[in-house]
Amino acid sequence: MKKTALIFFFSIFSVTAAFSLDMAAISDSEASQTDSTYNLGNYYFSIGKYADAAKYLETAIYDVEKFGELYENILNMLSECYIKTNDQDGITRTFARVEEYNQHELQKDCADPECLREHAEYYMLTGDNAKAKENYFTLLAMPLTDEEKVDVYVSYAKFLGETDNYASGAEYFHLAANARKTTDGVDDVYIQIVYSAAQYNFIGKQPEKAIDDFKEVLVYYSQMDNCETLEQVANCHSGIGNSLSALAKYDEAKEEYQLAVAYYQKYDQQNDDYPKAIVNLADVENNSGQYEAAIAHYREAMDIYQQRGMADELGNVSNLLNLCYAKAGMEMENDEEIQNAAKNARNEKMDFIINDELANLELNRTYLGEYIYANSLATIAGAYDEKEDFDNAVIYYRHYVDAIRNAVRDEFRMMSENERMLLWNTQKDNINDLIEMPLMLPDEKNYLLPELSSIIYDAVLLSKGILLNSSIEFGKVLYETGDKHLQDVYKQTLQNGAAIDDMRKTQAYVAVEHTKG
């Protein structure tokens, strides 16, 4: 019986595709079950003629056993063909087949670690965090080999990152690194995992831990002498610089950024990370009051961006330069050509985002759920707002508020209070952008204010309702009533909830310790 194997077809949603094509795994006997259409499709796929490949593969898929291994590989090839050719009808059709295939695979018995991990990753990518967590907890409670620990801990770390728990994600990256070290020593894979831990520690606001991780990676790559490792060394210096800057250790951060800039100046000036490194250097000089040096570096980065026609980046650095002038008490620059180029580039970028999201909007809703659908609507609304197309922004913000209300109702079903608040916190930027929109409306768009005010009212009401359900806000309300009986009942309820949470944490801890053994 073929082992359960899910297909992760999410490239069209800007998520890294997790499937891999392994034509060598298809035996001659399996291939012989099809006619020449499969062979032709496979040939055209191998030489990059994706439209021709899709034509033959669409025929071949009906000649193979449905849900078999060859069927799986044809789906993988078709997925890539339609993504490469931007065939939206083909994408939609193949996505439906992939989802049917995955649902078939999900019905099979799943008891081994690899299968459970695949299921957890599937649920994570489709936005069902409750089921993903259920599979991960089952995994973490199982006896695992060191090789299995690497894959499981890395996967769970990424899940924690997806749920904005980067600090805990970093800890699981370290568990994965230790498991890898046990089996293979300090090798490239181990170092790549430590580098991921460094990034998660930085994002998780643990800069001291991030610095330790970056330094370990730096020592490893500094022992080698080739172009690839030199770039990794530069990346580590940038990471350490970012962490030191977060700690307001600007002089030390400047030294790290200077090392990164020196690498690009000597070895790779064409890299787009080169002007970024210069901007990092300018930022830390700006923060430490070294305004003349900062202005010089902002100008240097702007020159590079202008030469490369990167108008969007040019506009961003121009804004930073003007802010630096303002902090220094100097007169700001006003380069109309730069500002117009930046605006045009920004509008082109927003158009791309809008068209991409609109093309996949219904696919998001059908296959990834209401929460992802709501986020797509907010992205579209925000892009229209950024373009100053306020009429369309209002339309899509209305759709967003309606969708997010339904989404949180579904998502909250199996979540603890902390998890609910964590999820809702991811919507703060969307809500804040919506609330600030009236301030950006020009006078000729004032006719939008009644509808916009209604949308904002609904969004704020939803947000306050969610906050009111949190223990802190609800506790305040009860305290203000002065009802001692209600306060005692609520206090006992909290204690019971805390006891249940402690039991869950103990079970999770035991599960993790069990996997260590």
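The values are calculated or read from the model by the stated rules, or taken from the named source; none is laboratory data. Source: prediction; values computed, not measured. Every residue, glycine among them, receives a Cβ derived from its backbone with ideal geometry; neighbour counts consider all protein chains shown. These area figures cover heavy atoms from the full protein model, side chains too; ligands, DNA and RNA do not enter into them. Shrake-Rupley method; radii C 1.70, N 1.55, O 1.52, S 1.80 Å.
So here's what we get for this one:
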read-out	value
Inter-label distance for ALA328 and GLU65, nm, one decimal - labels placed 7 Å from Cα along Cα-to-Cβ	7.2 nm
Whole-Å distance, taken between Cα centres, linking the stretch 42-115 and the stretch 215-265	42 Å
Surface accessible to a 1.4 Å probe, VAL279 within the full protein complex, Å²	20 Å²
Theoretical FRET efficiency, 1/(1+(r/R0)^6), r = Cβ-Cβ of GLU336 and ASP109, R0 60 Å, to 0.05	0.35
Taking the stretch 196-276 and dividing mean pair separation by its residue count, relative contact order in percent (alpha carbons under 8 Å, at least six apart)	23 percent
Area accessible to solvent at LYS158, 1.4 Å probe radius, in Å²	110 Å²
Which listed pairs, of LYS266/LYS349; LYS249/LYS276; LYS276/LYS349; LYS158/LYS464, have C-alpha distances above 24 Å, in listed order	LYS266/LYS349; LYS158/LYS464
Shape category assigned to the stretch 277-378 from the gyration tensor of Cα positions, a/c cut at 1.5	prolate
Hypothetical label at LYS205: residues of the stretch 226-244 whose amide nitrogen lies under 17 Å (7 Å Cα-Cβ projection)	243-244
Amide H within-cut-off set for ASP112, under 5 Å, with H built and near neighbours excluded	none
Dipole magnitude of the stretch 281-440, debye to nearest 20 (Cβ charges: Lys/Arg +1, Asp/Glu -1, about Cα centre)	600 debye
Separation of the VAL189 and SER36 label points, Cα + 7 Å toward Cβ, nm	4.3 nm
Which of GLU285, GLU370, GLU292 is most accessible, then next, and so on - probe 1.4 Å	GLU292, GLU370, GLU285
